[in-house]
């Protein structure tokens, strides 16, 4: 058993930390306040190669795999959760195209999604299809005359939906078959019949724009179907498994930063004539935060290792996401207690981190859905 | 065309500066970074590489762990790297260092179109001597304080940043240029692709054996023993106390101020 990073992974960690500190942290509060996605920062991520993680260089990617994604996303999560989420969620689209796309689709879309700096999105959720992903109502009806599919429906809560150029969209090609009649399509923003609607006003993660998508008689060539007809649900579930490790990485990053801030603050803040870090109550908080975060991190890395070594990882992805997200809320909450009133003020990053951490228990599957996934695997 | 970029790994002085009992820096206990001005020199070289496709070679003298820094420069875009490393070279001051680096560049070869870029100075010693000394030892024209470098044929136009303005100088290759950061200049990041391939790029270690017969090497003028500079003492300067604020625009305040200044022999 070897827990060490390779030399290249250690360099990536250093680069991601440097990028997060230089480019992301300075605008994190601003984008949170303005509820605006920092487009320039995404382009910079692309220029350095972050948006191509997990995609081979022949398609414009940066190589690497799940562990590289975890490293970059967790480092970003320390300084700006919205940026970490943006990268993590963006990567779902190129990875799905890499796994299921035809050679032509890979050649056409991957360079744009990687070094091209175009944002990707993953559109599965609908007003009545949240945890119950099988409740999708969006339809894609085949038009034999033109060899196109005609898509109609509405998606909601789509991360990056208001900005994404290339989207992987799930729709029923044979509605009567339920999930077995679901297929995936690659949609481009400028296709006629596509529009994005309301950008949600959220509690946290405000720098990642979450939007509604509307498909009105959108005609997409049959060649844009991703994977085989009727395989959409499987593609979605596999993509979500990988995405969950990304959420685990976000949660791990924000927890690590909350600990760093708490340690620093407890050494500086003097009450009753001495730094509060000398009080056992605070020391025990820090010990709990550090221990649980280390455990969460290990499970995130383990899930990534399974994914990278070609082993099944559905259960571990769910476990790492469940555990790391609950830990992120636990740690940011205690960090807030340590910081007291200052932590509650918007002048400090902690209140934003506290709000941002909460989403990790909800999106890419709620904690409760993960318990369903885990218990099914354990009790089979 | 090949550009040698001389770089130095220095202690990160934004952290705690540790000093050994003998007065030298305790480098082992300190985080290291690439000297900031050297990063700007590398950026200048990479800008020229983007424009002309020239070869960029990172050169450093230091202990074996300096390889990590060189790999980072390769991941930024340098084509190859040279580590000059030997126990005999340890403890060299600027005079000895410039001699060894000059010998190494001579050993590898300096062509008619080639250039050597250095950072203006390193943040540990702050001497700004090594670059100019290399130029002297190799008999090259040198331009210091360069913020912009443009090459056309064998002519190089350099924009020198001075305290009260700037100066444009034309120089012929081969030459040595020391670089400083302009207000907007910022070294580029490593790229992920660069990281993937940085361990595949040419990497050469030049030890004592390789360089000892070079004409520029004088065996009694290298390393700690051959260095004319002796470090007497290194220390972290004591923090100055908090100042005293005098408020008021009246005669009495002015007299108090004058008395204080007089007491401290300022006036």
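The values are calculated or read from the model by the stated rules, or taken from the named source; none is laboratory data. This structure is a prediction, so every number in the text was calculated from the model and none was measured. Because the Cβ atoms are built from the backbone with ideal geometry, glycine has one as well, and the counts that use them run over all protein chains shown.
Miscellaneous remarks
- Residue ranges of strands (runs of 3 or more DSSP E) in the stretch B:1-55 with at least 3 members under 25 Å from residue B:183 (Cβ atoms) and in contact (Cβ under 8 Å) with a residue 12 or more places away in the chain: B:2-6
- Against the test of being closer than 30 Å to residue B:237 by Cα, in contact with a helix residue (DSSP H, G or I) (Cβ under 6 Å, 6 or more places away or on another chain) and buried (at least 18 other Cβ atoms within 10 Å of the Cβ), the options B:7, B:56 yield a single qualifying residue, B:7.
- Meets criteria (in contact with a helix residue (DSSP H, G or I) (Cβ under 8 Å, 6 or more places away or on another chain), under 30 Å from residue A:68 (Cβ atoms), surrounded by fewer than 21 Cβ atoms within 10 Å (Cβ to Cβ) and in contact (Cβ under 8 Å) with a residue 24 or more places away in the chain) for residue A:117: yes
- A residue that is modelled with pLDDT under 95, more than 22 Å from residue A:32 (Cβ to Cβ) and not assigned by TED's automatic domain parsing to the domain that holds residue A:27 can be found somewhere in the stretch A:162-176.
- Of all residues in the stretch B:170-187 being closer than 30 Å to residue B:222 by Cα and part of a loop (DSSP other than H, G, I, E, B), the one that is farthest from the other protein chains (Cβ to nearest Cβ): B:174
- Qualifying helices (runs of 4 or more DSSP H) (wholly inside the stretch A:297-380; at least 1 residues being at pLDDT 95 or above, more than 18 Å from residue A:80 (Cβ to Cβ) and outside the structural domain of residue A:210 (by TED's automatic domain parsing)): A:314-344, A:367-378
- Set side by side, the residues B:161, B:167, B:190 differ, and just one is part of a strand (DSSP E or B) and either surrounded by fewer than 14 Cβ atoms within 10 Å (Cβ to Cβ) or within 14 Å of chain A (Cβ to nearest Cβ) (or both), which is B:167.
- Tallying residues that are over 24 Å from the mean Cα position of the chain (by Cα) and surrounded by 15 or more Cβ atoms within 10 Å (Cβ to Cβ) within the stretch A:213-223 yields 3.
- Number of the exception - residue A:74 against (1) within 14 Å of another protein chain (Cβ to nearest Cβ); (2) within 16 Å of the chain's Cα centre (by Cα): (1)
- Filter result (in contact with a strand residue (DSSP E or B) (Cβ under 8 Å, 6 or more places away or on another chain) and modelled with pLDDT of 95 or more) within the stretch A:29-51: none
- Of all the numbered requirements in (1) part of a helix (DSSP H, G or I); (2) free of Cβ contacts under 8 Å to residues at least 40 places away in the same chain; (3) touching a strand residue (DSSP E or B) at 6+ places or on another chain (Cβ under 9 Å), residue B:132 misses one, and that requirement is (2).
- Meeting the requirement of 2 or more residues that are under 23 Å from the mean Cα position of the chain (by Cα), the strands (runs of 3 or more DSSP E) wholly within the stretch A:120-212 are A:120-123, A:148-159, A:166-172, A:182-188, A:194-199.
- In the set (1) out of contact with any strand residue (DSSP E or B) (no Cβ under 7 Å at 6 or more places or on another chain); (2) touching a residue at least 24 places away in the same chain (Cβ under 8 Å); (3) assigned to a helix (DSSP H, G or I); (4) within 14 Å of another protein chain (Cβ to nearest Cβ), the condition left unmet by residue A:26 is number (2).
- Test: residue in the stretch B:233-256 that is touching a strand residue (DSSP E or B) at 6+ places or on another chain (Cβ under 8 Å), modelled with pLDDT under 90, closer than 25 Å to residue B:38 by Cβ and surrounded by 14 or more Cβ atoms within 10 Å (Cβ to Cβ): yes
- The set of residues from the stretch B:114-129 being assigned to a loop (DSSP other than H, G, I, E, B) and crowded, with 17+ Cβ neighbours inside 10 Å comprises B:114, B:120, B:121, B:122, B:123, B:124, B:125, B:128, B:129.
- Flag for residue A:96 being surrounded by fewer than 24 Cβ atoms within 10 Å (Cβ to Cβ), away from every other protein chain (no Cβ under 14 Å) and over 24 Å from residue A:3 (Cβ atoms): yes
- Residue count for the stretch A:1-11 satisfying the condition of being within 11 Å of chain B (Cβ to nearest Cβ), surrounded by fewer than 17 Cβ atoms within 10 Å (Cβ to Cβ) and either in contact with a helix residue (DSSP H, G or I) (Cβ under 8 Å, 6 or more places away or on another chain) or at pLDDT below 95 (or both): 2.
- Residue within the stretch A:234-242 that is without any contact (Cβ under 8 Å) to a residue 60 or more places away in the chain and over 30 Å from residue A:326 (Cβ atoms) present: no
- Yes/no for residue A:111 being in contact with a strand residue (DSSP E or B) (Cβ under 7 Å, 6 or more places away or on another chain) and within 14 Å of chain B (Cβ to nearest Cβ): no
To keep it simple, each residue is scored yes or no on (1) touching a residue at least 40 places away in the same chain (Cβ under 8 Å); (2) within 13 Å of another protein chain (Cβ to nearest Cβ); (3) crowded, with 22+ Cβ neighbours inside 10 Å.
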| site | (1), (2), (3) |
| --- | --- |
| A:13 | yes, yes, no |
| A:18 | no, yes, no |
| A:50 | no, yes, yes |
| A:64 | yes, yes, yes |
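- Residue within the stretch B:76-98 that is assigned to a helix (DSSP H, G or I), closer than 19 Å to residue B:206 by Cβ and free of Cβ contacts under 8 Å to residues at least 40 places away in the same chain present: yes
- Matching entry among B:206, B:211 (being modelled with pLDDT of 95 or more, in contact with a helix residue (DSSP H, G or I) (Cβ under 8 Å, 6 or more places away or on another chain) and crowded, with 18+ Cβ neighbours inside 10 Å): B:206
- Top-ranked residue in the stretch B:195-213 [being facing chain A (nearest Cβ under 8 Å) and in contact (Cβ under 8 Å) with a residue 24 or more places away in the chain; ranked as farthest from residue B:57 (Cα to Cα)]: B:195
- In the stretch B:73-85, residue farthest from the other protein chains (Cβ to nearest Cβ) [restricted to those that are crowded, with 23+ Cβ neighbours inside 10 Å and under 17 Å from the mean Cα position of the chain (by Cα)]: B:84
- Test: residue in the stretch B:250-267 that is more than 14 Å from chain A (Cβ to nearest Cβ) and within 29 Å of the chain's Cα centre (by Cα): no
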